[in-house]
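What follows draws every value from the coordinates through simple rules; no lab data is involved. Since this is a predicted model, take the numbers as computed values, not measurements. Note that each Cβ is placed from the backbone with ideal geometry, even for glycine, and that neighbours are counted across all protein chains shown.
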Amino acid sequence: MERLHIELGERSYPILVGPGLLGEAGLLAGAIAARDVLVVSNTTVAPLYLARLGHGLAGKRLAEVVLPDGERFKTLETLSRVFDALVEHRMNRDACVVALGGGVVGDMAGFAAACYQRGVDYVQVPTTLLAQVDSSVGGKTGVNHPLGKNLIGAFHQPRAVISDTDTLRTLPPRELRAGLAEVIKYGLIADETFLGWLEGNLEALLALDPAALVYAIRRSCEVKAEIVAEDEREHGRRALLNLGHTFGHAIETATGYGEWLHGEAVGAGMLMAADLSCRLGWLAPADVDRVRALLARAGLPLASPPIGAGRALALMGMDKKVLAGRIRLVLLRRIGDGVVEGSCPADALQATLAAHFEARA
């Protein structure tokens with residue numbers, strides 16, 4: 001088992017990564033001080049892992065709520081089912097919410113914990129690669145709005161993140177590939193050496209090699225932990241973690257939260273960010289080709305949906321990184337060196353949007 005920490009003073013917490021963690025007696029119980037625990041899962045994950053997690057919480061007063069699976073259910077309406085369960089089981093401020101699932105479950109369970117009785121503890125038990133390397137770490141919680149991704153939410157740090165890499169063996173290949181987009185992101189924004197390691201070990205990751213998975217998850221979490229510790233609430237450097245997300249969120253919103261997986265949209269968005277960085281003279285065309293080749297090897301879609309440059313720009317204008325009416329984009333000064341750019345030339349941005357979002361003959 002690998003162990004690292006998010007250093008946030010009194011809100012610090014451990015991240016545990018390794019195989020078989022759900023089966024380790026006392027590990028889950030040791031991370032949860034509460035007697036009353038509500039487990040939030042979904043219809044896909046619950047049949048696979050809910051009973052195993054329950055065994056690890058023997059002695060607690062357990063309740064559960066199983067939500068429908070899918071990004072399209074990441075709504076206030078679905079979230080109300082978590083609040084209903086907390087109230088129906090008479091849970092108080094000393095209760096704990098456990099998120100057992102991928103990013104959607106983690107975001108909703110965390111948001112419910114942030115709001116219920118003005119804040120209760122929660123623990124992340126992510127079961128997808130994307131959640132293990134990204135959404136379970138850092139305290140971002142929330143739900144979608146029809147006009148924008150994750151527009152309703154709160155910062156609320158978990159008490160622990162427990163990533164059992166064995167759960168990835170039941171992950172559909174498409175979901176695994178989507179998670180790899182977020183892993184690649186860390187190399188692009190902060191660690192070219194790690195990006196080179198990914199280029200040399202991508203097939204091992206796709207084959208679920210245990211050692212490769214643990215290393216990739218740990219290194220991804222190390223990069224995110226360092227950035228979050230410096231900028232917990234995204235006033236500055238933490239925005240780097242959104243490489244590809246402003247473009248990608250436009251894809252997800254335009255296609256109705258479900259046609260594209262989040263990681264797929266982020267992958268396409270990272271290619272657009274590389275394209276724009278090249279137009280600004282920061283990346284060489286060979287760097288863009290390098291990004292494209294790695295995304296293609298990971299099995300991620302490269303062609304964005306033809307939603308139109310105008311609509312894409314309008315949707316990007318609702319992104320949470322917009323300040324004073326200006327779209328702030330995460331771009332690349334070079335491979336391994338991300339930058340938040342708030343004054344991108346309009347002609348360069350328009351050229352990138354047209355190249356990727358307009359219908360092609």
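Just to be sure I understand the model, the point goes 7 Å from the Cα along the line to the Cβ. What's the resulting residue 351 to residue 255 distance in nm?
2.7
Mind putting together the pair-distance distribution for the chain? All Cα pairs, 20 Å bins, whole percent per bin, short to long.
Calculated P(r), rounded to whole percents: 32, 58, 10, 0.
So if each residue of separation counts as 0.36 nm, and I subtract the Cα-Cα distance between residue 72 and residue 292, what length gain in nm does that give?
Details: separation 220, 0.36 × 220 = 79.20 nm, distance 2.83 nm.
76.4 nm is the gain from fully extending residue 72 to residue 292.
Express in nm, to one decimal, how much length is gained between residue 226 and residue 154 on full extension, taking 0.36 nm for each residue of separation and deducting their alpha carbon distance. Write out the running numbers ahead of the final one.
Working: separation 72, 0.36 × 72 = 25.92 nm, distance 2.04 nm.
Gain in length upon complete extension: 23.9 nm.
Any chance you could run the full-extension gain for residue 147 through residue 193? It's 0.36 nm times the residue separation minus the Cα-Cα distance, nm to one decimal. Don't jump to the answer; show the numbers that get you there.
Details: separation 46, 0.36 × 46 = 16.56 nm, distance 3.78 nm.
Taking 0.36 nm per residue and subtracting the Cα distance, the gain is 12.8 nm.
At what distance in nm do the modelled label points of residue 284 and residue 61 sit from each other, each positioned 7 Å from its Cα along Cα→Cβ?
Placing both labels 7 Å beyond Cα along the Cβ direction yields 6.5 nm.
Can you sort 5, 235, 89 from fewest to most other Cβ atoms within 10 Å of each residue's own Cβ?
Working: 5 12, 235 8, 89 16.
With the sparsest Cβ surroundings first, the list reads 235, 5, 89.
Would you calculate, for the chain, the mean residue ellipticity at 222 nm contributed by helices, counting each DSSP H stretch of 4 or more residues as -39,500 (n - 2.57) and dividing by all residues, to the nearest 500? Display every interim value, and only then the final one.
Details: 12 runs with 156 residues, N = 361.
Mean residue ellipticity, 222 nm, calculated: -13500 deg cm²/dmol.
Using a 10 angstrom cutoff on alpha carbons, build the Gaussian network for the chain and name the most mobile of 261, 280, 38.
280
If r is the Cβ-Cβ distance from residue 88 to residue 51 and R0 is 25 Å, what FRET efficiency results, to the nearest 0.05? The partial results should precede the final answer.
On the way: r = 21 Å, r/R0 = 0.86.
My answer for the efficiency is 0.70.
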